[in-house]
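Student: Could you have a look at this structure, given as structure tokens, before my questions?
The values are calculated or read from the model by the stated rules, or taken from the named source; none is laboratory data. Just so it is clear, the structure is predicted and the values come from calculations on it, not from any experiment. Using ideal geometry, Cβ is built from the backbone for each residue, glycine included, and neighbour counts are taken over all protein chains shown.
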Amino acid sequence: MRASRFFISTLKEAPSDAEIISHKLMMRAGMIKRLGSGIYTYMPMGLRVIRKVENIIREEMNHAGAVELLMPVVQPAELWQETGRWEKMGPELMRVKDRHGRDYAIQPTSEEVITDVVRSEIKSYRQLPINFYHIQTKFRDERRPRFGLMRGREFTMKDAYSFDRDVEGMQRSYKIMYDAYVKIFDRFGLQFRAVAADNGAIGGSGSHEFHVIADTGEDALVYCPGSDYAANMEAAEALAPATPRAPAAQALTKTPTPGKARCEDVAELLGLPLSQTVKSIVLTVDKEGADKEVWLLLLRGDHELNEVKANKVPGLGAYRFASEGEIMEWFGTKPGYLGPIGTKKPVKVVADRTVANMSDFVCGANEEDFHFTGANWGRDLPEPFVADLRNVVAGDPSPDGQGKLAIQRGIEVGHVFQLGTRYSEDMKATYLDETGKPQLMQMGCYGIGVTRILGAAIEQNFDDKGIIWPTAIAPFEVVLCPMGYDRNETVRMETDRLYDVLLAAGVDVILDDRGERPGVMFADWELIGVPHRIVIGDRGLKEGKLEYQGRRDTAATAVAVAEMAKFIKARLAA
């Protein structure tokens, strides 16, 4: 490719609405162009990266035995109604009507469609297992689209769906896909981590997320440096303290704490560690045709609630945070002074494992400007229902017993799920087994955010000059930067010769024949992030040398003209 025949449109400054590094650099490098809120045109330079990402995914999916098809973007509402997700999905599901008034969804995912395909095509156990995948446009009507391709409304995703006869078969398919994902992300050249995860809105049983490691990542990844344990924050288990609860040593005392509504302020006033305080979180569960339930969740003052874990407490599957009016009705005081002792109306108390192990703790007295000190389970209030409610913190014991937990940031770019019969049961997707009896198919689903990979890769690989693409997904592997291409015959001839040699060797090379000044030329390609640059200049040619510089290199390397093609191929192979 010659730059004069391509489209290059770089900017010195990012648009004011670009918030994070990847968004700013993609806009400046001319890879995307904003059309509307969360909707982007993929410009030629960015599309080349997308196609390389897709090709790696396609090769590894095919190698793993998955079969490619293509499902529609617009899907009939009836399929979504069969699984209950038409109502459950909420406003993220873009709903449209055709001219006849029929309802459709603009797909955010394709579980319903693929299950409909399979239930009509797969009849016998002899046709299983099967795994279908496609790479297709998705749309999710995000409330607040932001961060460019990281949280857009329209995006490209690879989603795959496996169908098996039994749970063991589903688990084998899941392992095949998990291994394929590891190969895919290895080939991308990105530092990543696979972590155990919660299934969320997709449903099913086990799942793993694949995260690109980046300091700017939104997700907290929990792992044990001494073992293979890894989970996202939502799924990471916080173990109960290993030591037994100490016996009560203090009397229960109602202690004045004027104006101190936060645990931090109460601890400071009383001269106690924050870990000696207990915070109260009030939840409400609305009951159709019955009175609402009010729950009190107790966490140590220095811990944070894990809402996914709270959702899994029996009876809290549909909770909401209580209103201030409900808090006044059940506790008789405003938030900040709430506690499990002496509530105005009965509440259901759930204590985090750590709180259940505490003695002589501080909690709200259900009266403004007062807290109880010296509170103890069994003596001052009944033993609670105990659950894992909190986010883990660095230094907590690893659930596998192999050391202490550490935390790093990551960007989710892939997710694999064991769905089981979540969709096949609703949609009656069955096959006939060896005895001729119908059996529900066991499903798995596997997604990769294709366009999200671009943002994640940049968040992991950039410097003050611009993007630093891993070679495998760079828009071009090599750029030739001739000095005076339009003015110097010797430079032009050697540049054209090297260009032809590299093309013949299968190198994805671009020749910058625009006639730009060296500073402009170098700045453009450093911003765009091409990983290998060769400079051809008259002075170097007189010495029989060309100049090579990798995008991460701090200095250039002189290479003999006759050796440059071999040198580049070796660098690319490495």
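Student: Of the residues in the stretch 440-480, how many are hydrophobic (A, V, I, L, M, F, W, C), over 13 Å from S22 (Cα atoms) and not in a strand (DSSP E or B)?
Tutor: 6
Student: Say we look at the stretch 527-554 and pick out the residues that are part of a helix (DSSP H, G or I) and without any contact (Cβ under 8 Å) to a residue 40 or more places away in the chain; which of these is surrounded by the most Cβ atoms within 10 Å (Cβ to Cβ)?
Tutor: G540
Student: Only one of T83, T137 is among the polar types (S, T, N, Q) and either out of contact with any helix residue (DSSP H, G or I) (no Cβ under 9 Å at 6 or more places or on another chain) or over 25 Å from L432 (Cα atoms) (or both); which?
Tutor: Exactly one of T83, T137 is among the polar types (S, T, N, Q) and either out of contact with any helix residue (DSSP H, G or I) (no Cβ under 9 Å at 6 or more places or on another chain) or over 25 Å from L432 (Cα atoms) (or both), namely T137.
Student: Look through the stretch 363-403, keep the residues that are touching a Phe, Trp or Tyr at 6+ places or on another chain (Cβ under 9 Å) and polar (S, T, N, Q), and return whichever of them is farthest from P346 (Cα to Cα).
Tutor: My answer is Q402.
Student: Let me ask another. From (1) farther than 21 Å from A240 by Cα; (2) buried (at least 21 other Cβ atoms within 10 Å of the Cβ), pick out the condition that doesn't hold for K334.
Tutor: (2)
Student: Something else about it: Among the residues of the stretch 371-415, write down those that are small (G, A, S), surrounded by fewer than 21 Cβ atoms within 10 Å (Cβ to Cβ) and assigned to a strand (DSSP E or B). Reasoning before the result, please.
Tutor: Taking the stretch 371-415 and keeping what is small (G, A, S), we get 374-375, 378, 387, 394-395, 398, 401, 403, 406, 410, 414.
Right, trim to surrounded by fewer than 21 Cβ atoms within 10 Å (Cβ to Cβ) and you get 374, 378, 387, 394-395, 401, 403, 406.
If the condition is that a residue be small (G, A, S), surrounded by fewer than 21 Cβ atoms within 10 Å (Cβ to Cβ) and assigned to a strand (DSSP E or B), then G374, A387, A406 are the ones that fit.
Student: Considering only the stretch 416-439, state which residues are small (G, A, S), more than 17 Å from L79 (Cβ to Cβ) and either crowded, with 21+ Cβ neighbours inside 10 Å or within 31 Å of the chain's Cα centre (by Cα) (or both). Don't jump to the end; show me each part of the working.
Tutor: First, the residues of the stretch 416-439 that are small (G, A, S): 420, 424, 429, 436.
Next, only the ones that are more than 17 Å from L79 (Cβ to Cβ) stay: 420, 436.
G420 - this is the single residue of the stretch 416-439 that is small (G, A, S), more than 17 Å from L79 (Cβ to Cβ) and either crowded, with 21+ Cβ neighbours inside 10 Å or within 31 Å of the chain's Cα centre (by Cα) (or both).
Student: Would you point out the residue of the stretch 555-572, among those that are of a type outside the set (S, T, Y) and under 39 Å from the mean Cα position of the chain (by Cα), that is surrounded by the fewest Cβ atoms within 10 Å (Cβ to Cβ)?
Tutor: So the residue we want is A555.
Student: I need a count of the residues in the stretch 67-94 that are of a type in the set (S, T, N, Q) and in a strand (DSSP E or B).
Tutor: 1
Student: Modelled with pLDDT under 95 and of a type in the set (F, W, Y): is that true of Y431 in this structure?
Tutor: no
Student: I would also like to ask the following. Would you check if L316 is surrounded by 13 or more Cβ atoms within 10 Å (Cβ to Cβ) and either more than 19 Å from T354 (Cα to Cα) or touching a strand residue (DSSP E or B) at 6+ places or on another chain (Cβ under 7 Å) (or both)?
Tutor: In short, yes.
Student: Filter the stretch 114-169 down to the residues that are modelled with pLDDT under 95 and assigned to a strand (DSSP E or B), then identify the one that is surrounded by the most Cβ atoms within 10 Å (Cβ to Cβ).
Tutor: Across the stretch 114-169, the extreme among qualifying residues is R151.
Student: Still on this model: Which residues, taken from the stretch 259-273, are over 21 Å from L381 (Cβ atoms) and touching a helix residue (DSSP H, G or I) at 6+ places or on another chain (Cβ under 9 Å)?
Tutor: G259, K260, E264, E268, P273
Student: Oh, and also: Looking at the stretch 284-294, is at least one residue in contact (Cβ under 8 Å) with a residue 60 or more places away in the chain, hydrophobic (A, V, I, L, M, F, W, C) and assigned by TED's automatic domain parsing to the domain that holds G336? Let's see the steps before the verdict.
Tutor: So in the stretch 284-294, the residues in contact (Cβ under 8 Å) with a residue 60 or more places away in the chain come out as none.
The answer is no, given that none of the residues of the stretch 284-294 is in contact (Cβ under 8 Å) with a residue 60 or more places away in the chain, hydrophobic (A, V, I, L, M, F, W, C) and assigned by TED's automatic domain parsing to the domain that holds G336.
Student: Name the strands (runs of 3 or more DSSP E) wholly within the stretch 244-344 that hold at least 2 residues that are under 19 Å from G374 (Cβ atoms) and of a type outside the set (A, V, I, L, M)?
Tutor: In the stretch 244-344, 253-256, 278-285 are the strands (runs of 3 or more DSSP E) which contain 2 or more residues that are under 19 Å from G374 (Cβ atoms) and of a type outside the set (A, V, I, L, M).
Student: Also: Is there a residue in the stretch 490-501 that is within 39 Å of the chain's Cα centre (by Cα) and either touching a residue at least 40 places away in the same chain (Cβ under 8 Å) or surrounded by fewer than 18 Cβ atoms within 10 Å (Cβ to Cβ) (or both)?
Tutor: Looking through the stretch 490-501, none of the residues is within 39 Å of the chain's Cα centre (by Cα) and either touching a residue at least 40 places away in the same chain (Cβ under 8 Å) or surrounded by fewer than 18 Cβ atoms within 10 Å (Cβ to Cβ) (or both).
Student: Please state which one of S16, S22 is among the polar types (S, T, N, Q) and under 22 Å from the mean Cα position of the chain (by Cα).
Tutor: S22
Student: Can you tell me which residue within the stretch 170-206, out of those that are farther than 30 Å from N461 by Cβ and outside any helix (DSSP H, G or I), is modelled with the lowest pLDDT?
Tutor: Checked the stretch 170-206; the qualifying residue modelled with the lowest pLDDT is G203.
Student: A523 passes all but one of (1) in a loop (DSSP other than H, G, I, E, B); (2) touching a residue at least 24 places away in the same chain (Cβ under 8 Å); which number fails?
Tutor: In the conditions (1) in a loop (DSSP other than H, G, I, E, B); (2) touching a residue at least 24 places away in the same chain (Cβ under 8 Å), A523 misses (1) alone.
Student: Looking only at residues that are within 41 Å of the chain's Cα centre (by Cα) and not in a loop (DSSP other than H, G, I, E, B) in the stretch 356-370, which one is surrounded by the most Cβ atoms within 10 Å (Cβ to Cβ)?
Tutor: G364
Student: If you don't mind, another one. Output yes when any residue across the stretch 24-46 is outside any loop (DSSP other than H, G, I, E, B), farther than 29 Å from R143 by Cβ and in the same structural domain as E154 (by TED's automatic domain parsing), and no when none is.
Tutor: yes
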